[in-house]
Amino acid sequence: GESVGLHLPTLSVQEGDNSIINCAYSNSASDYFIWYKQESGKGPQFIIDIRSNMDKRQGQRVTVLLNKTVKHLSLQIAATQPGDSAVYFCAEIRGAQKLVFGQGTRLTINP
Amino acid sequence: DTGVSQDPRHKITKRGQNVTFRCDPISEHNRLYWYRQTLGQGPEFLTYFQNEAQLEKSRLLSDRFSAERPKGSFSTLEIQRTEQGDSAMYLCASSLAGGGNYGYTFGSGTRLTVV
């Protein structure tokens, strides 16, 4: 069936470097995507979203890129900090605001 | 209002027992969702309410699961005759229909362990 998935389950980066987390989706009709951050013992926290009529959206230290041709989106985190350590999920809105999540990428920051 | 509240945070129960979880959404949010998250996986949709009406249920929601939102405010999720496979984090979220980025806000979840 259709799904939202991630390329890598874990990612380790040096503090201060930029992080790039990738996500692939299969539903070409998808029109709204959200990136979430989930810290241990907490619920997912909204980071940034993007609609299918956009290729790029920037927030504070984060950028989301959407490539509809290859059905791929990425989350870029600039100047990664220890507080960025978490699991990151991409999610797609389907139907009446039902979220379909990918498996997640665990981001680890090395000092 | 500080966000979505879930109670309890943790629940350990014996197989075969019934458990009930509560979710208090953000007060002005009219949509409320339940998700289940197992270790290492993303959350999976279970069901959602708009006001007091339950409008969609996932196939994951077996007959042993029931959710209510009687007054369109807080919601409860009950699991009857719990099984070990029910062990998971149960997440509640709320949103405002039609609002901006939907304002989707998650609670911290209830972690259920069935022994």
Residues of the range B:31-50 being without any contact (Cβ under 8 Å) to a residue 12 or more places away in the chain and buried (at least 21 other Cβ atoms within 10 Å of the Cβ), in sequence order, are B:Gly42
B:Glu78 versus (1) farther than 19 Å from B:Thr105 by Cα; (2) in a loop (DSSP other than H, G, I, E, B): which is the lone unmet condition?
(2)
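Let's see how each residue does on (1) over 30 Å from B:Leu55 (Cα atoms); (2) at pLDDT below 95:
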site	(1), (2)
A:Leu8	yes, yes
A:Val62	yes, no
A:Leu65	yes, no
A:Glu92	no, yes
A:Gln97	no, yes
A:Gly102	no, yes
For B:Glu28, only one of the following conditions fails: (1) surrounded by fewer than 18 Cβ atoms within 10 Å (Cβ to Cβ); (2) more than 17 Å from B:Thr110 (Cα to Cα); (3) free of Cβ contacts under 8 Å to residues at least 60 places away in the same chain; (4) not β-branched (Val, Ile, Thr). What is its number?
(3)
Enumeration of residues in the range B:51-92 that are surrounded by 15 or more Cβ atoms within 10 Å (Cβ to Cβ) and of a type in the set (A, V, I, L, M, F, W, C)
B:Leu61, B:Phe65, B:Ala67, B:Phe74, B:Leu77, B:Ile79, B:Ala88, B:Met89, B:Leu91, B:Cys92
Please go through the range B:81-115 and pick out each residue that is over 14 Å from B:Val19 (Cβ atoms) and either in a strand (DSSP E or B) or touching a helix residue (DSSP H, G or I) at 6+ places or on another chain (Cβ under 6 Å) (or both).
B:Leu91, B:Cys92, B:Ala93, B:Ser94, B:Ser95, B:Thr105, B:Phe106
One residue is enough: does the range A:43-55 have a residue meeting the conditions under 22 Å from B:Thr38 (Cβ atoms), modelled with pLDDT under 90, open to solvent by 20 Å² or more (accessible area, probe 1.4 Å) and within 14 Å of chain B (Cβ to nearest Cβ)?
no
Per the filter on the range A:61-81, residues open to solvent by 50 Å² or more (accessible area, probe 1.4 Å) and assigned to a loop (DSSP other than H, G, I, E, B) are A:Arg61, A:Lys68, A:Thr69, A:Val70, A:Lys71, A:Gln81
If you take the residues in the range A:12-42 that are outside any strand (DSSP E or B) and closer than 17 Å to A:Ile109 by Cα, which one is least open to solvent (accessible area, probe 1.4 Å)?
A:Gly16
Going by the structure shown, is A:Asp84 more than 9 Å from chain B (Cβ to nearest Cβ) and surrounded by 15 or more Cβ atoms within 10 Å (Cβ to Cβ)?
yes
Taking the range A:91-105 and keeping only residues that are of a type in the set (Gly, Ala, Ser) and in a strand (DSSP E or B), one is left with A:Ala91
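The values are calculated or read from the model by the stated rules, or taken from the named source; none is laboratory data. Please read these numbers as outputs of a predicted model, since none were measured by experiment. Here the Cβ is made from the backbone with ideal geometry for all residues, glycine too, and neighbour counts use every protein chain on show. Each accessible area value is taken on the protein alone, full model and side chains, heavy atoms only, with ligands, DNA and RNA left out. Shrake-Rupley method; radii C 1.70, N 1.55, O 1.52, S 1.80 Å.
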